[in-house]
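Right, I'll just put the structure down here and ask away after.
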Amino acid sequence: MTGGGVDLKPAQADAEGGSLILGDEALILPAYVPPKARSLLEPHRLFLMAVFALLVFCAIWFMRWDWLPKYALRLVAGIWQTLLMLFSTAIVGFLFAVPIGLVQVTGPRLLAWPAKIFCTVIRGTPLLLQLWLLYYGLGSIFAQYPEIRSSFLWPYLRQAWPYGFAALTISFAAYEAEVMRGAFAGVPRGELEAARAFGMGRFTMFRRIWLPRAIHRALPTLNGETVLQLKSTPLVATITVIDVYAVVSRIRQDTYLTYEPLLLLALIYICLTGGLVAAFRFFERRIPTRRA
Amino acid sequence: MDGLFPTLQLLSLTPPGWGGALIAGLVASLELAVGGYVLGLVIGIAAAFGKLYGGPILRDLMEIYTTLVRAVPELVLILLLYYAGTDAVNQLLALLSMPAVDISGLAAGIFVIGVVQGAYSTEVLRGAILAVSPGQIEAARAYGMSPFQVMRRVTLPAMLPHALPGLANLWMIATKDTALLAVVGFSELTLTTRQAAGTTKAYMTFYLAAGVLYLAVTLVSNLVIAVIERRAKRGTPPLGATS
Amino acid sequence: MKTIAQTIGKTIALAFVIGAAAFGAASAQEIKVGLAAEPYPPFASPDANGKWVGWEVDFMEAVCAEAKLKCVITPVAWDGIIPALTTKKIDAIIASMSITEERMKTIDFSDKYYNTPTGVIGPKSEKFTATPEGLKGKVIGVQVSTVHQEYVTKYFAPVASEVKEYQTQDEANQDLAAGRLDAVQADSIALDAFLTSDAGKCCDLKGYVKDDVAILGPGVGVGLRKDETELKTKINAAIKAIRANGTYDKFSKKYFAFDIYGG
């Protein structure tokens, strides 16, 4: 059963009105003990599976799928673009999230406030709006300056993906920074004091104890955050990046079919999400991160 | 376009300024968010109770619903449900040989947001219901209350403090998800902004203005949520070490 | 605690009332005319009041008055306008949609109500023609699911460096002005409205493309569902009538110095 684990973001919010904490749901809610895993072959499951198989059969039989071979290659390219967007923005976003989260816990006010404002603003406005602001708003301002138009950056700024990349990275950084803030704050004082007692300098202590322990604590939430990020990627199709969503939009327009391409798209995303969740499960089993 | 100053008058509340149109868009967004959120809560309560106390088939169906909705991007769900929802209602009515109804864009939008929100609130509420100590529910039953009375008088009020943080987060998500309806052409804040920006070519001005409006909604919501949480937590022992 | 439960109860009740109202309010007999929810001057664009204005809005009002239909403007996203029609979200499309064989497989059209040539625009600083040779190596922008997209895909995509697809015409124009595109192909009148605007100062018309009726179609018609012959007859009669009694020319003169009905 993947249901409980796909994405628990809303359930993990803390009392501050929407910000996240991690690994603490057990403190708010007693741990949910799932009923004993039931076999897949119970009678009612067999019945449900039969109904499901019938539905799939109907979908294949009564709907039009003849366009599929023609677009197969483009779909694969689209999926690749989606995954590229997902992983590049998640990794770069995470690298930004660490310092942004840290300065909110320990930094001077001069840094903590801008970081706090950054998180509030990004998390308080829709990603779609941020994307269009960057692409159409900022893009049209860039175009007014001949210096930018003649610079070496222009060939990149002309394209759409840098804006999509920037918007998704910023968004991931803001959400994950909130997680990292909680993670840094949640590392037990005693461990830091012990490090100091060993005579570690501030930087050594940060590098050897604080950062690794915080990342350790934040890892379980990465799963949910990455799934959310995957679900945000189709928005870049609205600024002409050709991801899998854009390919399917194209199929819809070419074939005038309403449901079939969208159903296929939903199926593709379900598979991608399932793959992500499975991959994270695999890694989580290898790194014991569950309880810090 | 030369800088931001000359375009600021475009935001005035009366035409030729677009401020009024933006406010109307904001109202439409809020209608969608409130409607979708409440519908999501109704679905969530029903599905959470179904998941916890329903028969095996109901449980599995609820599990499928929450898993599928949370695995597919909201944008794709919105496209599917926006067309399929209306279509399904009308075909059902046709089967019953009843005349087709017109489903307004607002109703379709609320339905879409509600179905998406429902899956998330199911999980939030299920966790919160589980946090109510079984003794309270058993006591209510011992008093001879019907299951519905138990739900209304004991389970729902007792789980609220546990559910509030999650529900607050969901409200934030609901307000931001309404922006996705711009993609199907529903005239809420983001689409109105896009139209205003396209007509006047003052892209930066309008997108920033819309951003300020969304941010204002978030900040005001945060204040209201803080007040509600303080009220709801009165008299309850501190939950765990952190809160 | 009790008050919160009561509040929730009331809210749920309210939700049902709102839902019922939303259903009930729209059940009168009307024709919902879908137009693309984007600025497409001079044919249809929203003004600051949120009202739709333009030639096509005037045309719609004239046709509906003539055919005695109660028409309600319903903005729909352009790339979903045909699904919106087939799933009965709207009953007719009046959104500068060209009559084509491909679309006829899914929906029906009234007789044409205007026909204009197709143009290509580009930055003033560059000289090229609206031919495959001229557009070689260029980045071309078109609006999705238009005849222009199909035309560009067939004639220019093999030689162009890239074809970019936009959800709205206005965003393609904007990207041309922002220097992200080298050329945009669209209806010549819509392009003209852009070129005469402030943002269009950057660019000029590079020429009209060679006609291909199979793709570009014989003109623009009202999109209808296939089974609605009664509505189609009414609308066709109304178009004929406003052409004959001078209404068509009267409101067209407000926008154009020439006859856009075409040959």
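The values are calculated or read from the model by the stated rules, or taken from the named source; none is laboratory data. Not measured: the values here are computed from a predicted model. Positions of Cβ are generated from backbone atoms using ideal geometry, with glycine treated the same way; all protein chains shown enter the neighbour counts. In case anyone asks, the SASA skips ligands and DNA or RNA and just uses the protein heavy atoms, side chains included. Shrake-Rupley method; radii C 1.70, N 1.55, O 1.52, S 1.80 Å.
Going by the conditions given, is B:G105 within 19 Å of the chain's Cα centre (by Cα), open to solvent by less than 10 Å² (accessible area, probe 1.4 Å), of a type in the set (G, A, S) and within 12 Å of chain C (Cβ to nearest Cβ)? Show your work before the answer.
Working: within 19 Å of the chain's Cα centre (by Cα): yes; open to solvent by less than 10 Å² (accessible area, probe 1.4 Å): no; of a type in the set (G, A, S): yes; within 12 Å of chain C (Cβ to nearest Cβ): yes.
When the stated conditions are applied, B:G105 does not pass them.
Please pick out the residue among B:A209, B:A196, B:A182 that is touching a Leu at 6+ places or on another chain (Cβ under 6 Å) and open to solvent by less than 10 Å² (accessible area, probe 1.4 Å). Don't jump to the end; show me each part of the working.
Details: B:A209 fails: open to solvent by less than 10 Å² (accessible area, probe 1.4 Å); B:A196 fails: touching a Leu at 6+ places or on another chain (Cβ under 6 Å).
Residue meeting the stated conditions: B:A182.
Scan region C:101-124 and give yes if some residue there is among the small types (G, A, S) and over 30 Å from A:R158 (Cα atoms), otherwise no. Don't jump to the end; show me each part of the working.
As a first pass, look at region C:101-124 and keep what is among the small types (G, A, S): C:110, C:119, C:122.
Those still in the list that are over 30 Å from A:R158 (Cα atoms) too: C:110.
Yes: region C:101-124 contains one or more residues that are among the small types (G, A, S) and over 30 Å from A:R158 (Cα atoms).
Another question, if that's okay. Filter region A:246-286 down to the residues that are among the hydroxyl-bearing types (S, T, Y) and open to solvent by 10 Å² or more (accessible area, probe 1.4 Å) and list them by number. Reasoning before the result, please.
Step one: list which residues in region A:246-286 are among the hydroxyl-bearing types (S, T, Y), which gives A:249, A:255-256, A:258-259, A:269, A:273.
Answer for region A:246-286, where residues must be among the hydroxyl-bearing types (S, T, Y) and open to solvent by 10 Å² or more (accessible area, probe 1.4 Å): A:S249, A:T255, A:Y256, A:T258, A:Y259.
Restricting to region A:116-173, and then to whatever is open to solvent by less than 40 Å² (accessible area, probe 1.4 Å) and among the aromatic types (F, W, Y), can you tell me which residue is farthest from the other protein chains (Cβ to nearest Cβ)?
Among residues in region A:116-173 that are open to solvent by less than 40 Å² (accessible area, probe 1.4 Å) and among the aromatic types (F, W, Y), the one farthest from the other protein chains (Cβ to nearest Cβ) is A:F172.
Follow-up. Regarding region C:233-247, can at least one residue be identified that is closer than 30 Å to A:G137 by Cα and either open to solvent by 20 Å² or more (accessible area, probe 1.4 Å) or more than 14 Å from chain A (Cβ to nearest Cβ) (or both)?
Scanning region C:233-247, I find no residue that is closer than 30 Å to A:G137 by Cα and either open to solvent by 20 Å² or more (accessible area, probe 1.4 Å) or more than 14 Å from chain A (Cβ to nearest Cβ) (or both), so the answer is no.
Just name the residue that is farthest from B:S187 (Cα to Cα) out of those in region C:56-83 that are under 12 Å from the mean Cα position of the chain (by Cα) and away from chain B (no Cβ under 14 Å). So that I can check it myself, show each step before the final result.
Looking only at region C:56-83, we keep the residues that are under 12 Å from the mean Cα position of the chain (by Cα), and these are C:56-57, C:75-82.
Checking the rest, the ones that are also away from chain B (no Cβ under 14 Å) come to C:56-57.
Values: C:E56: 20, C:V57: 18 Å.
Taking the candidates together, the pick is C:E56.
Scan region A:224-268 for residues that are within 9 Å of another protein chain (Cβ to nearest Cβ) and in a loop (DSSP other than H, G, I, E, B) and jot them down.
Within region A:224-268, A:T240, A:I242, A:Y256, A:L257, A:T258, A:Y259 qualify.
Consider region B:50-93. How many of its residues are facing chain A (nearest Cβ under 7 Å), among the β-branched types (V, I, T) and either open to solvent by 20 Å² or more (accessible area, probe 1.4 Å) or more than 20 Å from the chain's Cα centre (by Cα) (or both)?
Summing the residues that are facing chain A (nearest Cβ under 7 Å), among the β-branched types (V, I, T) and either open to solvent by 20 Å² or more (accessible area, probe 1.4 Å) or more than 20 Å from the chain's Cα centre (by Cα) (or both) in region B:50-93 gives 2.
Another question about this same structure. When region C:137-171 is examined, which residues are found to be more than 10 Å from every other protein chain (Cβ to nearest Cβ) and on the phi > 0 side of the Ramachandran plot?
C:G137
For region C:174-186, check the following and say yes or no: at least one residue is open to solvent by less than 10 Å² (accessible area, probe 1.4 Å), farther than 21 Å from C:G221 by Cβ and free of Cβ contacts under 8 Å to residues at least 12 places away in the same chain.
yes
Give me the pairs, please: first residue somewhere in region C:99-116 and in the same structural domain as C:D249 (by TED's automatic domain parsing) and under 17 Å from C:Y151 (Cβ atoms), second residue anywhere and part of a strand (DSSP E or B) and among the small types (G, A, S), beta-carbon distance under 7 Å, and either six or more positions apart or on two chains.
C:I99/C:G221
Mind checking whether some residue in region B:108-130 is touching a His at 6+ places or on another chain (Cβ under 6 Å) and open to solvent by less than 10 Å² (accessible area, probe 1.4 Å)? Before you say what the answer is, go through the steps one by one.
Filtering region B:108-130 down to residues touching a His at 6+ places or on another chain (Cβ under 6 Å) leaves B:128.
Applying the additional criterion that residues be open to solvent by less than 10 Å² (accessible area, probe 1.4 Å) yields B:128.
Within region B:108-130, one or more residues are touching a His at 6+ places or on another chain (Cβ under 6 Å) and open to solvent by less than 10 Å² (accessible area, probe 1.4 Å).
I'm trying to understand the selection: among the residues of region B:137-181, which are more than 14 Å from chain A (Cβ to nearest Cβ), over 18 Å from B:I228 (Cα atoms) and either in contact (Cβ under 8 Å) with a residue 40 or more places away in the chain or not hydrophobic (A, V, I, L, M, F, W, C) (or both)?
First pass over region B:137-181, keeping only residues more than 14 Å from chain A (Cβ to nearest Cβ): B:137-157.
With the extra rule that they be over 18 Å from B:I228 (Cα atoms), the set shrinks to B:137-155.
Across region B:137-181, the qualifying residues are B:E138, B:R141, B:Y143, B:G144, B:S146, B:P147, B:Q149, B:M151, B:R152, B:R153, B:T155.
When region C:123-147 is examined, which residues are found to be under 22 Å from the mean Cα position of the chain (by Cα) and either open to solvent by less than 20 Å² (accessible area, probe 1.4 Å) or not assigned by TED's automatic domain parsing to the domain that holds C:T196 (or both)? Steps first, answer last, please.
Here is the first cut: in region C:123-147, the ones under 22 Å from the mean Cα position of the chain (by Cα) are C:140-147.
Listed by number, the residues that qualify are C:I140, C:G141, C:V142, C:Q143, C:V144, C:T146, C:V147.
Of the residues A:L168, A:L153, A:L127, only one is among the aliphatic types (A, V, I, L, M) and out of contact with any helix residue (DSSP H, G or I) (no Cβ under 6 Å at 6 or more places or on another chain); which?
Among A:L168, A:L153, A:L127, only A:L153 is among the aliphatic types (A, V, I, L, M) and out of contact with any helix residue (DSSP H, G or I) (no Cβ under 6 Å at 6 or more places or on another chain).
Another question about this same structure. Say we look at region A:68-100 and pick out the residues that are open to solvent by 10 Å² or more (accessible area, probe 1.4 Å) and among the aromatic types (F, W, Y); which of these is farthest from A:D254 (Cα to Cα)?
That would be A:F96.
Continuing with this model, one more query. For A:R252, indicate whether it is under 26 Å from the mean Cα position of the chain (by Cα) and basic (K, R).
Working: under 26 Å from the mean Cα position of the chain (by Cα): no; basic (K, R): yes.
The answer is no for A:R252.
Test of understanding: among A:T258, A:T226, which residue is of a type in the set (S, T, Y) and in contact (Cβ under 8 Å) with a residue 40 or more places away in the chain?
On the way: A:T258 fails: in contact (Cβ under 8 Å) with a residue 40 or more places away in the chain.
Answer to the check: A:T226.
Among the numbered conditions (1) surrounded by fewer than 22 Cβ atoms within 10 Å (Cβ to Cβ); (2) within 11 Å of another protein chain (Cβ to nearest Cβ); (3) closer than 30 Å to B:Y65 by Cβ, tell me where B:L39 comes up short.
Single failed check for B:L39: (1).
Counting only residues that are without any contact (Cβ under 8 Å) to a residue 12 or more places away in the chain, over 30 Å from A:L168 (Cβ atoms) and in a helix (DSSP H, G or I), how many does region A:195-223 have?
If we filter region A:195-223 for residues that are without any contact (Cβ under 8 Å) to a residue 12 or more places away in the chain, which is where we start, we get A:196-204, A:206-207, A:212.
After this cut, where a residue has to be over 30 Å from A:L168 (Cβ atoms) as well, the list is A:196-204.
Right, trim to in a helix (DSSP H, G or I) and you get A:196-197, A:202-204.
Selection size over region A:195-223: 5.
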